[in-house]
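Peer 1: One structure follows; several queries about it will come next.
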Amino acid sequence: MSYLKVSGTQFVDGAGAPVVLLGAGLGGWMMMENFISGFPGCEFHIREALAEAIGVEKASLFFEKFLDNFFAEADAKFFKSLSLNCVRIAVNYHHFEDDMNPRVLKIDAFKQLDRVVTLCAAEEIYTIIDLHSTPGGQSGGWHADAGTHFGNFWKHKDFQDRFVWLWTQIAEHYKDNIWVAGYNLMNEPADPHPHHTGLISIYDRTYAAIHDIDPNHILFLDGNTFATDFTKFPEDSATRWGSNVAFAIHDYSTFGFPNSPEAYEGTNDQKDKMKASYARKRKWMDERVLCVWNGEWGPVYGREVYDGEQTEDINRRRYMVLKDQLEIYRKDSLSWSIWLYKDIGFQGMVYVSQDTPYMKHFREFLLKKHRLAVDAWGADDKYVKPIYEPLINLIKEEVAEPNQKLYPPIWSLENRVARISRTILVAEFLVKEWAELLIGKSDKELVDFAESFAFEKCKKREELNSILKLNALEM
């Protein structure tokens, strides 16, 4: 057994045999996200609010037990049973250093990550370490855990210095671990510079720093603008960062989300649109014969508690999207990591049961959060759309059309208004309400809430898992 490597356009094992990495993202664990576990805003919001509401000791108990239960031995064994072979582990930089004590590694920085890497290795599952949030935030997404719609990482050198430092710590820690397939340096960067100069520079610096310590692990490099754009990458990319590099796209299809332009029926025209979007994202690599990895993809699903009688029809269409995307990938022998392994019922392969203490306790709050559409991911704004339309119309009327187009270009005017007004502003006003729901709870009750995320308390999305397993067996 030796390190996994990149050879041309594919991954190979130590004997040079091709390896197709098929897996899922372990999001919402060491990088908590609002739609995954049900809180509003960003992870740092709820960690601060809960400590204030119930005290540091009790809040620490809840979060530690949450981490312990979200992914354990039973999860690794189930994952292996689906014939999947790779887990992309999303991590938040806050687990490794404190903003008020930068460049000082926390004592227990690798405790949880080591535990899951070891569990996966025991099942012969590779792991990819994905730095999902950076100091200052690499994008304006909630998943950058920065609480703003600007990626301030690109504006301050100190944030970038800390990023490079952190990767040297991770590389030093895992340099001898052959079950770590590699390092996904930055999730969904959004460098606003016209020629992506900030992103290229940070990739240059981080590659050099890691390579001095660990020349063996694969580097997974996301394209700019949320892993969709490589057009400004340098022409010498095939050698600039060494040959052991995979270029990461994120291939979400709009047909798999509530805002789909039309109901998906799997028509030839719809399939062609899906193929064209995928081909556009990987075109730059294909023209240069480089290795492509799909780091995130996959539809979201209907839920009876929100979608009622429409749930079955929604999911029928979403599984059609899933199957048609897999067919595209299978023809290219593409390695991929579907988003998402576990959540509270929107996208995960397994999801927390409605009968658990956590879901029962937060039921009314989750209904309110859904009604107010304060999560950006897959939001259904039908209840609040009329409230925000006047603001959108005002901008359209008062701002010249060319000036309505801001970075990132994949955010429409409507989407930008929603992100700033709903998913940042309104979400902030709900943070204390979420935390206050845990006031007065005993240690046992807090542990019960955290244990709701354990595999044994979850339900399996059977059709999704069956489709993924069958596809893996056919590869």
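Peer 1: Residue pairs, Cβ under 6 Å, 6 or more apart or interchain, first in segment 323-339 and on the phi < 0 side of the Ramachandran plot, second assigned to a helix (DSSP H, G or I). List them.
Peer 2: Hits for this filter: Asp324/Lys271; Leu326/Asn471; Ile328/Lys275; Ile328/Tyr278; Trp336/Tyr329.
Peer 1: Ok, one more. Considering only residues that are under 23 Å from the mean Cα position of the chain (by Cα) and of a type in the set (Val, Ile, Thr), look in segment 176-209 and name the one that is farthest from Phe226 (Cα to Cα).
Peer 2: Val180
Peer 1: I'm trying to understand the selection: among the residues of segment 178-211, which are closer than 23 Å to Val12 by Cα and among the acidic types (Asp, Glu)?
Peer 2: Passing the criteria: none in range.
Peer 1: Now for a different question. Cβ contacts < 6 Å: first residue open to solvent by less than 50 Å² (accessible area, probe 1.4 Å), restricted to segment 435-459; second residue among the β-branched types (Val, Ile, Thr) and at pLDDT 95 or above, any location; separation 6+ or different chain. Result?
Peer 2: Filtered contacts from segment 435-459: Leu438/Ile54; Ser452/Val352; Ser452/Thr356; Phe453/Val352; Cys458/Val350; Cys458/Val352.
Peer 1: Here is a list: Thr423, Thr356. Which entry is farther than 14 Å from Phe35 by Cα and hydroxyl-bearing (Ser, Thr, Tyr)?
Peer 2: Thr356
Peer 1: Taking segment 65-81 as the search range and keeping residues that are among the acidic types (Asp, Glu) and touching a residue at least 60 places away in the same chain (Cβ under 8 Å), which one is least open to solvent (accessible area, probe 1.4 Å)?
Peer 2: Asp75
Peer 1: Could you tell me which of the residues Leu105, Leu131, Leu84 is assigned to a loop (DSSP other than H, G, I, E, B), on the phi < 0 side of the Ramachandran plot and open to solvent by less than 10 Å² (accessible area, probe 1.4 Å)?
Peer 2: Leu84
Peer 1: Turning to a different aspect of this structure: Can you go through His173, His193, His217 and tell me which one is surrounded by 23 or more Cβ atoms within 10 Å (Cβ to Cβ), modelled with pLDDT of 95 or more and not basic (Lys, Arg)?
Peer 2: Of the residues listed, the single one that is surrounded by 23 or more Cβ atoms within 10 Å (Cβ to Cβ), modelled with pLDDT of 95 or more and not basic (Lys, Arg) is His217.
Peer 1: Let me ask something additional. So if I check each of Ile420, Ile387, which one is among the β-branched types (Val, Ile, Thr), out of contact with any helix residue (DSSP H, G or I) (no Cβ under 7 Å at 6 or more places or on another chain) and in contact (Cβ under 8 Å) with a residue 60 or more places away in the chain?
Peer 2: When all the criteria are applied, what remains is Ile420.
Peer 1: For segment 298-336, which residues satisfy the criterion of being closer than 27 Å to Arg363 by Cβ, under 22 Å from the mean Cα position of the chain (by Cα) and part of a helix (DSSP H, G or I)?
Peer 2: Asn315, Arg318, Tyr319
Peer 1: Moving on to the next point. If I ask for residues that are open to solvent by 90 Å² or more (accessible area, probe 1.4 Å) and either within 20 Å of His149 (Cβ to Cβ) or part of a helix (DSSP H, G or I) (or both), which ones from segment 369-393 would you list?
Peer 2: Arg371, Lys385, Ile387
Peer 1: Right, here's the next one. Could you please find all residues in segment 150-164 being among the acidic types (Asp, Glu) and either closer than 19 Å to Thr225 by Cα or open to solvent by 50 Å² or more (accessible area, probe 1.4 Å) (or both)?
Peer 2: Asp158
Peer 1: Take the residues in segment 351-377 that are more than 19 Å from the chain's Cα centre (by Cα) and of a type in the set (Phe, Trp, Tyr); name whichever of them is farthest from Ala454 (Cα to Cα).
Peer 2: Phe365
Peer 1: Still on this model: Take residues that are within 18 Å of Val374 (Cβ to Cβ) and tell me which of the helices (runs of 4 or more DSSP H) falling wholly in segment 9-70 contain 3 or more.
Peer 2: 34-37, 43-54
Peer 1: Which residues, counting only those in segment 1-44, are surrounded by fewer than 19 Cβ atoms within 10 Å (Cβ to Cβ), of a type in the set (A, V, I, L, M, F, W, C) and in contact with a Ser or Thr (Cβ under 6 Å, 6 or more places away or on another chain)?
Peer 2: Answer for segment 1-44, where residues must be surrounded by fewer than 19 Cβ atoms within 10 Å (Cβ to Cβ), of a type in the set (A, V, I, L, M, F, W, C) and in contact with a Ser or Thr (Cβ under 6 Å, 6 or more places away or on another chain): just Val20.
Peer 1: Which residue, of Ser421, Ser412, Ser442, Ser353, is closer than 30 Å to Phe78 by Cα, at pLDDT 95 or above and hydroxyl-bearing (Ser, Thr, Tyr)?
Peer 2: Ser353
Peer 1: Just to check your reading of the model, which residue among Thr239, Thr206 is among the β-branched types (Val, Ile, Thr) and either open to solvent by 50 Å² or more (accessible area, probe 1.4 Å) or in contact with a strand residue (DSSP E or B) (Cβ under 7 Å, 6 or more places away or on another chain) (or both)?
Peer 2: Thr239
Peer 1: Looking at (1) over 21 Å from Arg115 (Cα atoms); (2) open to solvent by less than 10 Å² (accessible area, probe 1.4 Å), can you tell me which one Lys58 breaks?
Peer 2: Going through (1) over 21 Å from Arg115 (Cα atoms); (2) open to solvent by less than 10 Å² (accessible area, probe 1.4 Å) one by one, Lys58 breaks only (2).
Peer 1: Condition (residue is in contact with a His (Cβ under 9 Å, 6 or more places away or on another chain), open to solvent by 20 Å² or more (accessible area, probe 1.4 Å) and either farther than 27 Å from Asp130 by Cα or without any contact (Cβ under 8 Å) to a residue 12 or more places away in the chain (or both)) applied to segment 304-313: is it met by at least one residue?
Peer 2: Yes, the conditions are met somewhere in segment 304-313.
The values are calculated or read from the model by the stated rules, or taken from the named source; none is laboratory data. On a predicted model such as this, the values are computed, not experimentally measured, just so you know. For neighbour counting, all protein chains shown are included, and Cβ atoms are generated from backbone atoms with ideal geometry for every residue, glycine included. Surface accessibility is based on the protein's heavy atoms, side chains included, excluding ligands, DNA and RNA. Shrake-Rupley method; radii C 1.70, N 1.55, O 1.52, S 1.80 Å.
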